[in-house]
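The values are calculated or read from the model by the stated rules, or taken from the named source; none is laboratory data. All of these numbers come straight from a predicted model, not from anything done at the bench. A quick note on method: Cβ atoms are made from the backbone with ideal geometry, for glycine too, and the neighbour counts reach across all protein chains shown.
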Amino acid sequence: MKLKVGIFGLTSCAGDQLAILNCEEDLLEVFDALDIRVFTMASSGQDFGMLDIAFVEGAVITEEDIEMLHHIRKNTRRLVAIGTCAASGGVATGKDILGAAEAYKLVYGDTMINTAPLKKAYPLDYFVEVDYTIRGCPIRESEIIYYFKKFATMDPHKNQPLPLPIEKELIEDVEEIKDHVINYLPDKCISCRRCVNVCSEGLGVDAISMVGRNWEERVSTPFGSNFAKTTCIACGQCIQFCFCGALKEREYNIRKLEDVLRMKERVVALVDPMILASITENLRTDEPENTHALMRKIIVALKQLGVWKVFNFAAAQHVSLFSTVRDSLSNPDRRKILSWCPSANIWISKHKPEYAKYLDLDHRPGPIARELIEKRYGPVFLVLITPCTAMKKMSDFDAVISTKEVSRLIQKNRINPDLCDIETVSFDKFIMTEPYIDVLADTPAIDGLGDEVVDYAMAFLSKQNVFQKFELPDGTVVRTIDYPDVHIRSATVKDLTKADDVLKNINEYQFVEFIPCLEGCITGGGQYPNTNPKIIKDRLRRMESYNQGAIHWSNRVLKARVYKELEGLLPRTCHDEEVS
Amino acid sequence: MVEEKRLLLSARNIDGYEPENIDHYLKKGGYEALKKAIQHGPRWAVNEVSKSRIRGRGGAGFHMGFKWESVAMQRAGPKYLIANFDEGEEGTIKDRTIVETDPFLLIEGMTIAAYAMDIEKGFIYNRGEYHVFPPMFDRILQQARSRNYLGKNILDSGLDFDIEVVKGAGAYVCGESSAILQSIEGRAGQPKIKVQRTSVSGVFDKPTCVNNVETLSNVPYIIMNGGDGYKALGTLQSTGTRIVSITGHVNYPGAYEVEMGSCTIKQLIDDLGGGVKGCSIKGVLLGGASGSLITPDSLDIKYTMEDAEAENLTLGSGVIVVFNEKTCIVDIAHNLMGFFAHESCGKCTPCRAGTHHISRILGELRRGRAREEDLREAMKIADTMDSASICGLGKTASTPFQSALKNFRDEFDSHLRGECPGRVCPMGGDDR
Amino acid sequence: MVLSSQDREVLDGFLKEAGGRDSTVLFLLHRMQERWGFIGARQAEYVSRSLNVPLAEIYSAATFYEEFKIRPVGNNIIKVCRGIVCHANGSLEILNAIKGLLKIEAGETTEDGRITLLETSCIGQCDGSPSIMVNGTVHRNLDTTTALKIVSDLIEGGE
């Protein structure tokens, strides 16, 4: 069955379409395998029905371009950007760097030409999801034939494991691409198996495996499906272990991100301090170890980029714990598996569905943060800045940006962190209005939230306690407080392959949490990829020093005050939500 | 004049012998060995096999006695026995011949092995391409079960043993002993660097004995005639007989069983193989696809393992492939490396990339498009593969190429100049 | 696309057959290949759940071995042995002749979808070289003429 193909040009010199035509006789062979429904340069007539692959050249500049692009995207299964203009905006962006007026003058001098004001040039992926990109100016003829032949039998998807399924139903809807947070680029893969090893033996998740034999051996999900449709829990450890960039997080088009931050109204950012663990491995700063100063610099940088308010995500985590403990201690039929880690939530629902009823989804930090922020400030565009890959699937936020993306944003906009004036800077507040408490509070997620949970339980019960913390042989950390009439036990499971020991005895624990990422959020999927043990130690040290200097939420006075404030604000919830 | 010595293939001497008929097997003395083994006990059986000094006939040549001792010693059960019928080495037809001629011999051999090492479950790993045998095995296993030669409490010995036939699916590398374990467990057949030996931790992480079909088929004879009786045949280091697969440009290609040390390679080719088909022998592939390409001068070596080792050669899986004067050695080397490039499991880079690149270079050489540096590059890659590959496939894949380069350098030089003396290679042409 | 109840029944039958075995995955893959001509995603998912073996592992096995296909091929499969002995005895000429007759390259399927032509490594028929396998049946001691006769018979066979 021939594939239905369309070749289009937006605002372009048509050089890539011409390059295709230049292939002459080689083209005829290609035309045998592909049913070319529309080729703007070579024929007329625009009724093309549903295509399998649309090749589009040119930048998106005019209104017609935008309309045409959306129309094409709606009517094709796969969209391939060809040429530099389609890939990144190309030549036409030159004027945008100078500014249209300047550029105009440079080329035309004082001549007046009647034309509508020039718009900015954008690449295709600014507006729509692009499945594959072939760069070149123009694309090379040998590459054209190579890719045409390749696409005749291979689905041109970013996530392109081999071999591919024949069942068209497996090629998913454009809409489903949103769920797709991990991309695999087979051209960069060297078949080292680290990703498969960590996913299979390290985590017991088995979402990917080595596929094929001999020179053709590659990493793949089963039958080439979207990661989201497999047993993948989006922890991103595969991304951490890949040192070739063959596995990547799904990232926003950076120009789009800049425009959103700058032009949208009431953009607020929730920053997870855990990004400080690895951001200095890329972001240059004079004092990488001074984490508090660095956090303040990042707050300043974000505001320069257009963010209205910057909040501490750790505060949301603490609040989520408050409410977890409050609701669960008073409710005998409580849900006990903490839900702050989105990857662990996916893991429970996909791998241990029989325990899903214990999952306490109502107290996730995201919705709590939004509720409290909007109560104080009204509707906002909520952005989370996090080292977590699984968070990118959460619809709790309007946008989720990783450590890597925020570092790139800061650098691309030439913001030098060391020149940021941090004299009076701190996080904005969404709880606790007292000005003298600097909410540069500690991040609980270095080692799981077990300590804090037990702490808060203690605070709520406000009694003397005997607190114990010990580690089981398989690495699970257990914390207990014991006194005459109450017995609190929490378990933090770090090795998912040994989780059954705790799950089978779940009734012995009041709180349980699971942490897929191998060293916790320090090696989250959104951190800079690094598995060097020394560097991981450095990261841990950095975060521990951050915590030491921060106000401890274990401070009883603080807790009591927060508790009073929240008591009125947070409604008691019922337990009826689904995990996506 | 060399003559065959038919121990394993003794059924060929019997007119009208029906391989699938257990009564025919019993009539010629079948299952007497099992009875004798049961009489004397498992310890005795292991001892006799050790005394026989029989070496593995799959290609590695490991002493079967050591393996058996090692597995017999293991307490943790259940234990497993695997008969390696993956016979993928190019030019090898001996295991197929045994199974076509006298399959009960293998079954009895396996049962004695199970008795000796206290094993309850055996597998026959039947290569995928041998389609006819799995149903045949099912039929003969049923017969064995019905006569209590298989199943529970075999011949009142207390031994429970049964056999499952596992069909391979087309992968030469599954003949490698760590790959065969992966395959039986339901995974891709990629070899593993073993921390613990297979005899301690093999299939399903349990003690496992992996033996070649031919090696196992020798067990009944060893038991009946004793280890000393077996040792009396052959030479000190190569005891017993071997079934040699003589193919290629010969008049009577086939599998022939000879006593070790009773003849030279040349005699095998001339007396049993019917001599070269053509004018003269140009070269011989000794051992299999992973063997060496040798010149006619080397054919006077006595057919034993030690004589081969003395010349830095190996008998491999008993393969002798003869090439006549019309052959192009570079073409042969290319075909063999292409085989490995296709069969490489892909796990380790030296083999995955090495076989691919050397094959490519040889292809270019055959089209007259390679230079001296390319050949040197190929040699370097081959060296890396030899030392850095994690399994036998990668380690021996370059042997034909390296030996060809050493023994037939002039042919490579001609191709570098753009000529193929045999007029086989597509000089200046396209693919092939 | 969901697994049809008919397919589910067939798979349950295979699973039952595999019940007494220790090596189940390979066995089931063979059955699935025989029954449907390729390893389908839905069928593999069902087997993965029933055996509690990760789907990724089953897919890895399915793509590793020559005999298992993950997309359908022709009803008839011709495998020409390209092992060293068959090669030395002329299997290349036979391969080229068959390619010419079917008008396809090795690895491809004829237009009508009936016949797929493949090259294989040594199939262990070295004493009867050159040899080919047609739908699992071995044909030995061939030359170009006899080989082409077999293929033409197959073409005329109509299945």
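Among all positions in region B:255-276, there is at least one residue which is among the basic types (Lys, Arg) and more than 9 Å from every other protein chain (Cβ to nearest Cβ). Within the option set A:ASP455, A:ASP442, being within 25 Å of A:GLN317 (Cα to Cα), modelled with pLDDT under 85, in a helix (DSSP H, G or I) and not small (Gly, Ala, Ser) holds for one residue only, A:ASP455.
Out of the residues in region B:288-297 meeting the condition of being in contact (Cβ under 8 Å) with a residue 60 or more places away in the chain and of a type outside the set (A, V, I, L, M), tell me which one is surrounded by the fewest Cβ atoms within 10 Å (Cβ to Cβ). That would be B:THR295. Tell me whether region B:373-380 contains one or more residues that are in a helix (DSSP H, G or I), within 14 Å of chain C (Cβ to nearest Cβ) and aliphatic (A, V, I, L, M). Within region B:373-380, not a single residue is in a helix (DSSP H, G or I), within 14 Å of chain C (Cβ to nearest Cβ) and aliphatic (A, V, I, L, M).
For the condition in contact with a His (Cβ under 9 Å, 6 or more places away or on another chain) and either surrounded by fewer than 19 Cβ atoms within 10 Å (Cβ to Cβ) or modelled with pLDDT of 85 or more (or both), A:LYS74 does not qualify.
Each residue in region B:229-254 was checked for being within 14 Å of chain C (Cβ to nearest Cβ), within 16 Å of B:ASN218 (Cα to Cα) and free of Cβ contacts under 8 Å to residues at least 60 places away in the same chain, and 0 of them qualify.
Every test in (1) of a type outside the set (Val, Ile, Thr); (2) over 13 Å from the mean Cα position of the chain (by Cα); (3) more than 9 Å from every other protein chain (Cβ to nearest Cβ); (4) within 25 Å of B:PHE340 (Cβ to Cβ) is passed by C:GLY107 save one, and that test is (2).
Criterion first (touching a Ser or Thr at 6+ places or on another chain (Cβ under 6 Å) and basic (Lys, Arg)) does B:ARG57 satisfy it? Spelling it out, B:ARG57 is indeed touching a Ser or Thr at 6+ places or on another chain (Cβ under 6 Å) and basic (Lys, Arg).
Take the residues in region B:341-368 that are more than 7 Å from chain A (Cβ to nearest Cβ) and outside any helix (DSSP H, G or I), then tell me which one is nearest to B:SER398 (Cα to Cα). Result: B:CYS348. If the condition is being surrounded by 24 or more Cβ atoms within 10 Å (Cβ to Cβ) and within 14 Å of chain B (Cβ to nearest Cβ), then region A:199-212 contributes A:ILE208, A:SER209, A:MET210, A:VAL211. Only residues that are closer than 15 Å to A:ALA86 by Cα and in contact with a Leu (Cβ under 9 Å, 6 or more places away or on another chain) were counted in region A:9-35, giving 1. Whenever a residue of region A:181-197 is within 12 Å of chain B (Cβ to nearest Cβ), its partners that are crowded, with 16+ Cβ neighbours inside 10 Å and of a type in the set (S, T, N, Q), lying with C-beta atoms within less than 8 angstrom and at least six residues away or across chains, give the pairs A:ILE190/B:THR349; A:SER191/B:THR349; A:VAL196/A:SER209. The set of residues from region C:1-51 being touching a residue at least 12 places away in the same chain (Cβ under 8 Å), within 14 Å of chain B (Cβ to nearest Cβ) and in contact with a Pro (Cβ under 9 Å, 6 or more places away or on another chain) comprises C:PHE38, C:ALA44.
Residues in region A:219-246 that are within 14 Å of chain B (Cβ to nearest Cβ) and surrounded by 22 or more Cβ atoms within 10 Å (Cβ to Cβ): 3 in all. Scanning region B:9-66 for residues that are out of contact with any strand residue (DSSP E or B) (no Cβ under 7 Å at 6 or more places or on another chain) and within 30 Å of B:CYS391 (Cβ to Cβ) gives B:VAL46, B:VAL49, B:SER50, B:GLY59, B:ALA60, B:GLY65, B:PHE66. Picking from residues in region B:310-339 that are touching a residue at least 40 places away in the same chain (Cβ under 8 Å) and under 16 Å from the mean Cα position of the chain (by Cα), the one that is surrounded by the most Cβ atoms within 10 Å (Cβ to Cβ) is B:SER317.
Residue-by-condition table, conditions (1) hydrophobic (A, V, I, L, M, F, W, C); (2) within 11 Å of chain B (Cβ to nearest Cβ); (3) part of a strand (DSSP E or B):
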site: C:SER60; (1), (2), (3): no, yes, no
site: C:PHE68; (1), (2), (3): yes, yes, no
site: C:PRO72; (1), (2), (3): no, no, no
site: C:ILE77; (1), (2), (3): yes, no, yes
site: C:VAL85; (1), (2), (3): yes, yes, no
site: C:LEU92; (1), (2), (3): yes, yes, no
site: C:ASN96; (1), (2), (3): no, yes, no
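When B:ARG423 is tested against (1) over 29 Å from B:ASP300 (Cα atoms); (2) modelled with pLDDT of 95 or more, only condition (2) is not met.
So which residues in region C:1-22 are in contact with a Phe, Trp or Tyr (Cβ under 7 Å, 6 or more places away or on another chain) and outside any helix (DSSP H, G or I)? C:LEU3, C:ARG21 - these are the residues of region C:1-22 that are in contact with a Phe, Trp or Tyr (Cβ under 7 Å, 6 or more places away or on another chain) and outside any helix (DSSP H, G or I). Name the residue, out of A:ARG370, A:ARG408, that is out of contact with any strand residue (DSSP E or B) (no Cβ under 7 Å at 6 or more places or on another chain) and part of a helix (DSSP H, G or I). Among A:ARG370, A:ARG408, only A:ARG408 is out of contact with any strand residue (DSSP E or B) (no Cβ under 7 Å at 6 or more places or on another chain) and part of a helix (DSSP H, G or I). For the criterion of being outside any strand (DSSP E or B) and either of a type in the set (Gly, Ala, Ser) or closer than 26 Å to B:PHE204 by Cβ (or both), B:ILE107 passes.
Condition check ((1) on the phi < 0 side of the Ramachandran plot; (2) assigned to a helix (DSSP H, G or I); (3) without any contact (Cβ under 8 Å) to a residue 24 or more places away in the chain) across all residues:
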| site | (1), (2), (3) |
| --- | --- |
| B:LYS5 | yes, no, no |
| B:PRO19 | yes, no, no |
| B:LEU26 | yes, yes, yes |
| B:ALA37 | yes, yes, no |
| B:GLU48 | yes, yes, no |
| B:ALA60 | yes, no, no |
| B:PHE66 | yes, yes, yes |
| B:SER70 | yes, yes, no |
| B:GLY77 | yes, no, no |
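Which of the residues spanning region A:23-56 are surrounded by 12 or more Cβ atoms within 10 Å (Cβ to Cβ), at pLDDT 80 or above and not charged (D, E, K, R)? Answer for region A:23-56, where residues must be surrounded by 12 or more Cβ atoms within 10 Å (Cβ to Cβ), at pLDDT 80 or above and not charged (D, E, K, R): A:LEU51, A:ILE53, A:ALA54, A:PHE55, A:VAL56.
Filtering region C:98-112 to residues that are closer than 30 Å to B:VAL319 by Cβ and either part of a helix (DSSP H, G or I) or out of contact with any Leu (no Cβ under 7 Å at 6 or more places or on another chain) (or both) leaves C:ILE98, C:LYS99.
Considering only region C:43-81, how many residues are charged (D, E, K, R), within 30 Å of B:GLY287 (Cα to Cα) and surrounded by fewer than 23 Cβ atoms within 10 Å (Cβ to Cβ)? So the answer is 2. In region B:161-170, of all residues being aliphatic (A, V, I, L, M) and more than 9 Å from chain C (Cβ to nearest Cβ), the one that is nearest to B:LYS79 (Cα to Cα) corresponds to B:ILE163.
The set of residues from region B:171-228 being in a helix (DSSP H, G or I), without any contact (Cβ under 8 Å) to a residue 24 or more places away in the chain and within 14 Å of chain C (Cβ to nearest Cβ) comprises B:GLN182, B:ASP205.
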